[in-house]
Amino acid sequence: AGPTWKGTLRTLNLAGKPPLRLQAPVTLEAAPARVALGPADLRSDAAQIQIKELVWTPRTLVTRGQIRGIPVGFGADAKQKAMLVSEDLKLGGEWQIRLGEHADGTVRLSRESGDLVLGGEQPVAAGLSVLEARITALNDRLGWSLEAAGSRLGQISGAGTALAERSSGSW
């Protein structure tokens, strides 16, 4: 119901860290009850986001894709406020999500290279060798896990579960 626009997005430049540029034209459909984006490849010199599928309706969201080389590096200043310390740590991962009548999917983020630097007067590198976070959903049952290891950090791991509920059309 309502007008539908179908076309091609030819250029897109996103300012930020990292700045991303659309690598090739992508199809885009927009209507009051549906938005769909064809496969899209966004890149900077070292980072990449590939959206393989993205479809939204008022009752569903379906998306999948992957990221590579996304720079991250947070620490705390003297007032314990989060601040960007360096962009040495690079993350990658993938996602496949379907939110409809039920929540289903997976999201995984992991360290590709670099280290996490904790800020302050004397910044300290964590010496990361492992950093991975996962979220899985199956029939509204959510599970998450986190694993990190580093020469200065030691080892950290955790896991948990939860139940997703839909109420008045929202999760």
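The values are calculated or read from the model by the stated rules, or taken from the named source; none is laboratory data. The structure presented is a predicted model; accordingly, all values stated were derived computationally and were not measured. Positions of Cβ are backbone-derived with ideal geometry, glycine not excepted, and every protein chain shown enters the neighbour counts.
Once segment 1-38 is narrowed to residues that are within 20 Å of TRP95 (Cα to Cα) and modelled with pLDDT under 95, the residue that is farthest from the chain's Cα centre (by Cα) is GLY38. Of the set (1) more than 30 Å from GLU132 (Cα to Cα); (2) part of a strand (DSSP E or B), all apply to PRO3 but (2). None of GLY160, GLY143, GLY92, GLY105 is part of a strand (DSSP E or B), at positive phi and in contact (Cβ under 8 Å) with a residue 12 or more places away in the chain except GLY105. Can you tell me which of ASP41, ASP77 is over 30 Å from SER168 (Cα atoms) and modelled with pLDDT of 95 or more? None of the others qualify; the one that does is ASP41.
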